[in-house]
C-alpha cells in the first residue's frame with residue numbers, strides 16, 4: 001500500500017521540467033488557456049527578490065531619516081539657542097515694566113523756563129544703569145521703548161535726547177524686561193539702588209510693575225561683521 005501511494009505521489013509531483021511536458025500533452029485549446037493563465041515562475045522569483053530588496057532599502061531609508069531628524073532637531077535647537085543669546089528672535093514671557101519720565105519740575109526747555117535741577121531729567125546714564133540692574137536681576141531679555149538691548153547695543157545721550165541703538169527716544173521711557181517678576185522687583189526696589197536714587201529726586205519719575213506676559217521684539221540693528229572673523233584652528 002505504501003509503495004503504491006509513493007508511486008502515485010511521484011507521478012503527481014510537479015516540477016519545472018515535467019510541468020512543461022505535461023502541458024504539451026494537453027489538447028491545444030487547454031494548453032493555450034493554461035499557458036496564458038499560468039504564473040511565470042522566473043519572473044515571480046525575480047519580482048519577489050526585487051520587492052525584498054526594496055523593503056530592505058525602505059527600512060534603511062527610514063532608519064537614516066530617523067537619525068537625520070534627531071540630528072536636525074539638535075542642530076535646530078542649538079540654532080534657536082544661539083538666536084536667543086544674540087537677541088535675534090522675539091521672546092515672550094512674564095516680567096516687569098519700568099517707566100522713567102522727566103520730573104514735572106524739569107520745565108519745558110523753552111526760553112525763560114529754567115529747570116530746577118539736572119537730576120529732574122532722565123539721562124542716558126539713568127537708562128543704562130536701569131538696564132544693567134535688570135540684567136543683574138536675572139532678566140533674560142530687555143527692550144527700551146521697543147528697541148531690544150543686544151550685545152551690540154549702545155545707550156548714549158545727544159543733546160536733550162537719549163539714543164538707543166542710534167535711535168532717538170525721549171521721556172517717557174518704557175523699559176520691558178522678561179524674567180521672574182518677583183526676583184526682578186525685589187532687586188530693583190532695593191534701598192540704595194538706581195531706582196531709589198531716581199526717586200530721591202522725584203518719586204514721580206519712576207514706576208515699576210509686574211507683567212504676567214509680554215513680548216519683546218528681536219534686535220533690529222546692524223549685525224554685519226567687517227573686521228573680525230572666526231580663527232582657523234592650528235594644525
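The values are calculated or read from the model by the stated rules, or taken from the named source; none is laboratory data. What you are looking at is a predicted structure, and each value in this text was computed from that prediction instead of being measured. FYI the Cβ positions are ideal-geometry reconstructions off the backbone, even for glycines, and counts take in every protein chain you see.
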Point to revise | Options 191, 151, 203: the member that is surrounded by fewer than 19 Cβ atoms within 10 Å (Cβ to Cβ) and over 18 Å from residue 134 (Cα atoms) | key: 203
Revision key, fill the gap. Picked from the range 170-188 (must be at pLDDT 90 or above and under 24 Å from residue 104 (Cα atoms)), the residue surrounded by the fewest Cβ atoms within 10 Å (Cβ to Cβ) is 172
Review point. Of all the residues that make up the range 136-152, how many are touching a strand residue (DSSP E or B) at 6+ places or on another chain (Cβ under 7 Å), in contact (Cβ under 8 Å) with a residue 40 or more places away in the chain and not in a strand (DSSP E or B)?
Key: 3
Practice item. Determine whether the range 86-109 contains at least one residue that is surrounded by fewer than 11 Cβ atoms within 10 Å (Cβ to Cβ) and either part of a helix (DSSP H, G or I) or at pLDDT below 70 (or both). Key: yes
Review point. Would you say residue 215 is assigned to a helix (DSSP H, G or I), surrounded by fewer than 20 Cβ atoms within 10 Å (Cβ to Cβ) and touching a residue at least 24 places away in the same chain (Cβ under 8 Å)?
Key: no
Study note, to complete from the structure: Within the range 165-199, residues farther than 19 Å from residue 91 by Cα, touching a helix residue (DSSP H, G or I) at 6+ places or on another chain (Cβ under 8 Å), in contact (Cβ under 8 Å) with a residue 60 or more places away in the chain and not in a loop (DSSP other than H, G, I, E, B) come out as 173, 188, 194, 195, 198
